[in-house]
Every structure is written in structure tokens, then in C-alpha cells.
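Working notes, beginning with the structure itself.
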Amino acid sequence: MTVQRHWTKAYPHTPLRLAERHLVMERRADGAVLLKSGVPLGPVPRQLGDDLRAGAARHPDRVFLAERGKDGAWVKLTYAEARAKADAVSQWLLDNGHGPANPVAALSDNSMAMGLLMLGAMQAGIPFMPVSPAYSLMSKDFAKVKYICERFTPSLIYAETLAPFVPALKAVAPKAQIVANEARGELPNVVRFADLLATKPGRAAEEAFARVTPESTAKILLTSGSTGFPKGVINTHRMLTASMTQCGQAWPFLGDRPPVLCDWLPWNHTFGSNFCFNSALRFGGTLYIDEGRPIPGRFAPTLRNLRETKPTILLNVARAYDFLLPEFEKDEDFARTVFANVDMIFYAGAGLPQNLWDRLEAVSIKTRGKRIPILTSLGSTETAPPAIVCHWTMDVTGSIGLPLPALEAKLVPAGDKTEIRFKGPNISPGYYRDAERTAEAFDAEGFYKIGDAVKWADPADPNLGLLFDGRVAENFKLLTGTWVAAGMLRLDVLSAAAPLIQDAAVTGMDQEWVGLLAFPNMAACKAALGPEAEPMAPDAIVRHPKLHAALKAKLAAYNAAHPGSSQRVARVLLMTEPPNIDAGEITDKGYLNQRAILARRAALVERLYSDKPGDDVVSA
């Protein structure tokens, strides 16, 4: 027996147009709870190329993509130009034997040329497979590039500038045509990307365009998951076009004025590729490709680009706001310039610590005289990516929202947690050439098992939405049998220890107390020590008594507010070795793989819990 109830209620909104909430909830006898939106899904284009053609027809002269040229000036591509050049790429690919059976791969960072290759391949029914540049540039053994080429057999491999990728390509020797925007004879038989653009589109391109169906594979996005080599997540055209329709219904303001985005997020990840790129395309916006990165030494270009482009949506992974906020706080003119046109602040991929949320709100109030909505969502590569979205203003971090139109969520009891699963038009059908992993990813009713846990913001009012409650697999028990919610504990501690700790892995499985393997923010640690830290090596900094005293004070304040054994942090080991990408400890976007870190650094975990942990350990 099931009980179904409709929850509808009006809540005050900001002037920003956001959808009203209409939740349909069904409680089942087996303990599961089904959630869906009471709003039907709007029109969904047949394929992503329809969005490009619609944009070229409606606003042909509007800038779609822009990137910095060699002289530092913005090079711009209009919608009409993008359509014409994508059609040329489609024709060249078909003329040279490329088709649906094998993907077209790209190894390099975002660029206009890569965007045109992506559009040209997808609209002709050829899967596009962007590969993390880190697999070629940061790896030493190129094992993942070799695996990708052998497992997924791309027929073409693209690199913006060929030279940096030559070592990986020589080591792997893929059976694929090599295309580059810039090449200087480093490899034989390399095709210049200019040759693709010089092709005259013909009947073959139009016929291929017409053959694409909503179920056709548009992209293969690679994700390693928790361990092992990459899985190829099938992204169909229906996934991508339905996702944009869903986002437009949850956030109607996207249709009120063309969004302007300044974004670095890599197109080999779903956030940058499917959310950012496709949002600009669907809603007639402009995407400025940011060559900067939220890492020391590479952030200056981002600051310059934000100042010049004045985005309407400030969006990023949570970690990047750690870099942005000090710049906003010390330079009011910069903050006013960037925030002048911002309608929404968005973060995803990981939770935003409360201290960063509070500081973002303070900047928006100071520069605009009002709170700018800070919104987020929950999703993954398999969900295109938003599955549930927050479309109302919140006072604190944490709310991930409610299901999008036509998306059904299932809440399943999982020990002391509630696991969430998804089914809908924006959900991947599975993994490319991997029936076993596909079968494992879905339950008996066809719901995708994302592995995340959630809880209600207010069980008495489901329309207030869901809160992220960590990864189901990351939670563990202490020796006492007490469960530790590692994901939420990590966020709380990072907020309390800011800015001294950049990130951390939570320890304590089968131990008596919780600890951290922490990656310190070296710039903040040096600032805490003052001038004496300038000539010091990182190993000396993490052992300095003055730094330990500062961190100990922060931990004491945190522990006073979190005295329970499942939340209190007893020790922190400060590490100087950064996360290792070859070992799967971190993605190129900066997300930490907790399980891989704890496995690879098991000796550090053992030392953290020993009687003599060492002078790089802070005891609370």
C-alpha cells in the first residue's frame, strides 16, 4: 500500500525569477519514498545540434564563444559562425571515415576549436570523448591514456597544441588520426584543424544530422569513480537537451536575459561540458573560456577575465571560492565590477563550507546592497549533471533542492542514512562497452544508484528540500559502533579551520576517535607565521609550534561545538605531499578521493593513531 501526497506552498522569492515548488511524494510499504515534481517537462529538442541551429537563426551575430588570442585580446565566435564551422567539421569527419562506431577524442584544455569539434561530431551522430589533459601532462606512466585508447578505440584524437601531448601519444601509439590546431612536425601525418574548417558542408552532413535520435550517444564522459581506470559514461542527446529544459523550468530567469559566463571548468567533466557550455548554448548566452585555474600561480588570468567579462552567473566548484573571496574582500573595486551583473552565485561538485557562504553573502550585500541567491544542485556525470536543484533562496549552505521536472527520486533507507537514487530523461543509460558496470549501477526498478545520502531540511515541510548528507560509502564506524558521517564532518572542520587547512581526508574507521590527514593551505600557514616563514621549507612550516597553536585554537572551538565522539576531531596530521593524480587521489578539478588517499597513505594513518605520532601532528 502506498500513500501519495502533493505538497504545494508559496514562499517569498527574490526579484530573480525562480520556479515555485510543487512536490509529489509517495511513501511505499517497503520503506522507500518516491519524490517527483508536479510540473510536467517542457519541450525537449531532438538533439543538441538543434540548439545550435536555433541560436544561429534567432541571434546570428551574438557572441557564443570567446577565448584569449596570442595577443591577449578576446577572439570571438558568433552563433552563425559556430553553426557554419560546426557543419564544416561534420562534413570533414564523415568524408574521412569517422562515424558512430568510434568516438572522437580530445586531450587538451577547453578552446573554441575543441568546442567546434565537439559540436560538429555530436550533431553528425559521432560520440565526442574529451579526456582529462592531466592523464597526458601530469601522469608519468600514461596508463590511463593507454587504457582509454585500447578500451574505447577513438578514431580521431585532437590536441589544441600538439607538442605537450607528444610524449603520451608516442608512448601509447594509438590507432587514430591525429588532429591539432597547432603542430610543428612533432609527429607525422598530423591533420591541421584548419583543414576541417575549410571543408564545404554537403548532403552527407545534413543526412547524418537527420539520422541522430534522442537516444544517440552524444558524448562519452570519463569518470574514475572511487577506484580504478575510467568508466565511459554514455551521454545521450536526450540527456543533454532534457537537462537544459529542466534547468530552464527550475530557473526561469535563464530566459530573461542571455547568460554571460566566464568559466574554466574542463569540458572533460560534466559540470563544464554539460552545464556551463550547454546553458550558454540553450539560452543564447556567451561563454568566455577562462584560461586560469583556482590553484596557486594560475589564478591571475581568472581575476582579469572576471573583471572584463562581468558575468551574470558566478559559478564554480566550491574550492575556487577559497581563491576568489580574498580578492573580493581586499579589492572593493574589483568586487563591485564582478558583481555588477551577477544574478546568481552557483557552486557544485562538493559542499560549500558555511564560512565561505557567509563571506560570499557579505560581499554581495556590500557591493549590491542585497543578497544574491547562492544556489546549488546534486548530480553526477550520469545525471547530465543536475538531478535535484535548489530554486529558492536559502540562509545557510547545505540545501540541494528538489527533483527537476520528469526526474523521479527514490529515497532508500541505508543503515543510519538515506540513500537517493534517480530515474528520468536526463539519466545515462549506462557505461560505454561495459555491460557489467552498467548492471551494477541501477537497481531492480531502473533507478541509478548515485551513492549519495540525503536528509530533509525540515521533515515537517518537504518543500524546504533535501540536504546533502555525505557519501554512503564514506561513512564508517568507530570502535564504539558509532557511525561517523565523514562528508559532513569534513565540511564542518574545513569551515572551522579556515584558512589554514585547504582540504582533508577523515580517518577513524575501527579506531576510538576521529582524525584528519590534512592538506594545509601553505599561503595561509605562512601568513600565520609571519615574516619568519618566508625562507622555511614546507616540512618546517607544518611542524612550527606557532602554526600548531593557531590550528589547535581553531580545533578547540570546533570541538566545543561538536563534543560527540562521531564529530570531535582529536588529531590532525599536516601533509606536505600534494594529492597524486596517478594514484587516483584527486581529479584535475581538485576533488579529493577520500578512499584512495587513506589507502595510499595508510602508513600516515597508522602513525596518526600511534603513541608517538610525530611533530607534524596537531593534537586537539
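The values are calculated or read from the model by the stated rules, or taken from the named source; none is laboratory data. Every value quoted in this text rests on a predicted model; they were computed, and no experiment measured them. With ideal geometry, Cβ positions are generated from the backbone for all residues, glycine too; neighbour counts draw on all protein chains shown.
What to note about this one:
- Screening ASN355 with (1) farther than 21 Å from ASN274 by Cβ; (2) of a type outside the set (Phe, Trp, Tyr); (3) at pLDDT 95 or above gives one miss only, at (3).
- Residue list for region 515-545, filter: of a type in the set (Lys, Arg) and either on the phi > 0 side of the Ramachandran plot or at pLDDT 95 or above (or both): ARG543
- When residues of region 10-19 are limited to those that are surrounded by 14 or more Cβ atoms within 10 Å (Cβ to Cβ) and out of contact with any Asp or Glu (no Cβ under 9 Å at 6 or more places or on another chain), the one modelled with the lowest pLDDT: THR14
- Positions within region 476-523 being in a loop (DSSP other than H, G, I, E, B) and touching a strand residue (DSSP E or B) at 6+ places or on another chain (Cβ under 6 Å), in sequence order: ALA485, GLY508, MET509, TRP513, ASN521
- Residues in region 52-90 that are more than 20 Å from ARG282 (Cβ to Cβ) and surrounded by fewer than 22 Cβ atoms within 10 Å (Cβ to Cβ): GLU67, ARG68, GLY69, LYS70, ASP71, GLY72, ALA73, TRP74, VAL75, ALA88.
- Looking across region 224-269, the residues that are hydroxyl-bearing (Ser, Thr, Tyr) and modelled with pLDDT under 95 come down to SER224, SER226, THR227.
- Checklist (1) under 25 Å from VAL39 (Cα atoms); (2) more than 18 Å from the chain's Cα centre (by Cα); (3) buried (at least 24 other Cβ atoms within 10 Å of the Cβ); (4) not charged (D, E, K, R) applied to ALA218, failing item: (1)
- Only listed residue being closer than 16 Å to VAL212 by Cβ and either part of a helix (DSSP H, G or I) or at pLDDT 95 or above (or both), chosen from GLY72, GLY120, GLY115: GLY120
- Every residue from region 274-330 that is of a type in the set (D, E, K, R) and out of contact with any Cys (no Cβ under 9 Å at 6 or more places or on another chain): GLU291, ARG293, ARG298, ARG304, ARG307, ARG319, ASP322, GLU327, GLU329, LYS330
- Subset of region 191-214 (residues that are surrounded by fewer than 17 Cβ atoms within 10 Å (Cβ to Cβ) and assigned to a loop (DSSP other than H, G, I, E, B)): ALA198, LYS200, GLY202, THR213
- Any chance PRO326 is buried (at least 23 other Cβ atoms within 10 Å of the Cβ) and not aliphatic (A, V, I, L, M): no
- Meets criteria (of a type in the set (A, V, I, L, M, F, W, C) and in contact with a helix residue (DSSP H, G or I) (Cβ under 6 Å, 6 or more places away or on another chain)) for LEU555: no
- Pairs with Cβ under 7 Å, 6+ apart, first in region 278-302 and farther than 22 Å from ALA218 by Cα, second in a loop (DSSP other than H, G, I, E, B) and hydrophobic (A, V, I, L, M, F, W, C): ASP290/TRP264; GLY292/TRP264; GLY292/PHE299; ARG293/TRP264; ARG293/PHE299; THR302/TRP264
- Unique match (being within 30 Å of ALA134 (Cα to Cα), at pLDDT 95 or above, of a type in the set (Asp, Glu) and not assigned by TED's automatic domain parsing to the domain that holds ASN521) among GLU291, GLU332: GLU291
- When region 130-146 is limited to residues that are of a type outside the set (S, T, N, Q) and either surrounded by fewer than 16 Cβ atoms within 10 Å (Cβ to Cβ) or in a loop (DSSP other than H, G, I, E, B) (or both), the one that is modelled with the highest pLDDT turns out to be VAL131.
- Only residues that are part of a helix (DSSP H, G or I) and surrounded by fewer than 23 Cβ atoms within 10 Å (Cβ to Cβ) were counted across region 281-304, and they come to 5.
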